[in-house]
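What follows is one structure encoded as structure tokens, with my remarks underneath.
All of the numbers you see were taken from the coordinates with simple rules; none came from a lab. Remember, it's a predicted structure, so these values are computed and weren't measured experimentally. Counting neighbours? That spans all protein chains shown, and the Cβs are built from the backbone with ideal geometry, glycine included.
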Amino acid sequence: MDLCIIIKGVSFLLQTSIGIISNCIILLSYASVLCSKCKLLPVDIILSHLAFVNMMVLLTRGVPQTMTVFGINHVLNDFYCKAVVYIYRIVRALSVCVTCLLSVLQAVTIIPNSRWFFVKLKDIRYLSLSLVSIWVLNMAVCIAAPFFSALPKNDSVPRFTLNLGFCCVYFPNQVSYIINGFAVSARDFAFVAIMVYSSFLILRTLYRHRKKVQGIRSQKANQNLAAESKAAQDVLRLVMLYVIFFGIDNIIWIYMLTVAQVPSTITDMRVFFSSSYASLSPILIIISNRKIQNNIKCAMRQKTVEIYVCQI
């Protein structure tokens with residue numbers, strides 16, 4: 001087997017495996033919190049939702065891509081090809097939407113006397129309604145994806161076709177190909193712009209808070225600022241991570257729109273970078289989230305006790 005293929009295959013395999021395991025840890029941790037009859041905070045609900053969406057991104061894109069790189073083809077029939085493309089389009093869009101929702105929630109939470117008083121995301125009912133709404137909206141927007149998707153007809157790939165390896169997305173002409181590409185990019189840019197604006201408001205608020213409490217020696221005020229600052233910084237790191245991979249992904253995507261036949265190496269690069277957020281963001285969440293860390297420690301202690309009891 002070619003060394004280049006081995007490197008690509010191992011890279012996709014590691015990325016997919018690490019991402020799926022990390023997202024599963026987050027989901028199981030929050031499930032454990034629910035089972036212990038503890039209430040999930042709005043941020044916890046969004047993070048668990050983001051973990052589920054990112055796991056689905058890796059399952060519908062990372063797993064098929066890994067199989068394709070290693071030459072495992074013709075596993076899916078035409079129906080599953082259409083279903084996988086449709087689900088991937090939905091969860092990829094949801095990934096940016098949920099990250100944007102998280103940044104807006106953090107901005108609304110941290111900004112005093114916010115002008116966004118009409119945004120009631122801190123209420124579980126409104127948050128649930130927001131999540132359901134973006135699910136329904138993206139399912140409706142992506143409804144056309146299955147009609148353009150099909151199994152590769154032969155070894156040759158027609159012009160203006162997105163070759164996913166396990167499946168192809170066929171466009172009738174260059175106009176529809178470019179319109180689809182710019183529509184996807186415009187949607188992502190809109191949500192990224194909201195993220196960046198929310199992040200700017202968070203940074204400005206933290207700076208003002210820090211200046212205000214510099215002359216205050218109250219331990220409680222300093223602790224509150226530290227807690228708010230840490231929570232905001234965690235969200236800002238996620239936003240920054242998304243923006244970095246979003247930028248790389250869209251640079252490659254814009255290049256792909258300028259050529260009729262896209263080299264397979266370019267396609268693989270775009271898949272890798274577009275899946276990197278789904279793989280790395282859960283690691284960032286686990287490292288920065290004490291609730292998940294405490295849950296993991298409790299699970300490890302319980303497992304150690306069970307092993308010790310069995311040995312006795």
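Observations
- Theoretical gain in end-to-end length, Ser36 to Leu151 [0.36 nm per residue, Cα-Cα removed]: 36.8 nm
- Our estimate of slack between Val175 and Ile45, defined as 0.36 nm per intervening residue step minus the Cα-Cα distance, is 42.8 nm.
- Stretched out straight at 0.36 nm per residue, the stretch from Lys211 to Leu129 would grow longer than its current Cα-Cα span by 25.8 nm.
- Computed E for Ala183/Asn294 - FRET, C-beta separation, R0 45 angstrom, nearest 0.05: 0.55
- Only one residue of Asn294, Val132, Cys167 has its Cα farthest out toward the positive end of the dipole of the range 3-311, where Lys and Arg carry +1 and Asp and Glu -1 on Cβ, and that residue is Asn294.
- With a Förster radius of 51 Å applied to the C-beta separation of Leu76 and Ser229, the computed FRET efficiency comes to 0.60.
- Placing unit charges on the Cβ atoms of the charged side chains and taking the dipole of the range 3-311 about its Cα centre, the candidate lying farthest along the positive direction among Ala232, Leu59, Thr205 is Thr205.
- About the Cα centre, charge dipole magnitude for the range 3-311 (Lys/Arg +1, Asp/Glu -1 at Cβ), debye: 1380 debye
- For Gln302 and Leu203, a Förster radius of 45 Å and the Cβ-Cβ distance give a FRET efficiency of 0.65, rounded to the nearest 0.05.
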